[in-house]
Amino acid sequence: MTKDKPLTIIQYPKCGTCRTAIKSLQNKGNEVISRHIVEETPTAEEIKTLVANSGLELKKFFNTSGDVYRELGLKDKLADMAEDEKYKLLASNGMLIKRPIVTDGEQVTVGYKEEQFEQVWANGKG
């Protein structure tokens, strides 16, 4: 049994974790639509929807191990930033966003953990 909806994965092609995530999704029988996180960076509104659907805190969407995050000194600045500023910041540079983000339009996962993908994205469940 396959799911009706294709999954959109917002990812960076040079990211090994993203490539592994795509393979995992495809191996589970999912149709995957790939979106380049830098060339098609999600808008602030899209990010708000992703955060809401994920059930996670906004800070989980920041790529804290990325160069841009460190260069901008965000570790110390985020705590004092207004929420709207954080959304605008994420939308301004795809490299600030933790990847991959996978969504079917309702559920959202951020990052890649095989166990999580098994629970959320394995076909035939639910």
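The table below gives the values:
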| quantity | calculated |
| --- | --- |
| Members of segment 65-120 found to be in contact with a helix residue (DSSP H, G or I) (Cβ under 7 Å, 6 or more places away or on another chain) and acidic (D, E), listed by number | E83, E106, E114 |
| Enumeration of residues in segment 92-123 that are surrounded by fewer than 16 Cβ atoms within 10 Å (Cβ to Cβ), under 13 Å from K5 (Cβ atoms) and of a type outside the set (S, T, N, Q) | G105, E106 |
| Selection count where residues are in contact with a His (Cβ under 9 Å, 6 or more places away or on another chain) and surrounded by 13 or more Cβ atoms within 10 Å (Cβ to Cβ), scope segment 1-58 | 3 |
| Yes/no for R99 being of a type outside the set (A, V, I, L, M) and in contact with a Cys (Cβ under 9 Å, 6 or more places away or on another chain) | yes |
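Let's see how each residue does on (1) under 17 Å from F117 (Cα atoms); (2) acidic (D, E):
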| site | (1), (2) |
| --- | --- |
| E46 | no, yes |
| L50 | yes, no |
| K59 | no, no |
| L72 | no, no |
| K77 | no, no |
| D84 | no, yes |
| A91 | no, no |
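We did not get these values from a lab; they are worked out from the coordinates using the rules stated. These numbers come from a predicted model, not from an experiment. Heads up, the Cβs are rebuilt from the backbone with ideal geometry, glycines too, and the neighbour counts pull from every protein chain shown.
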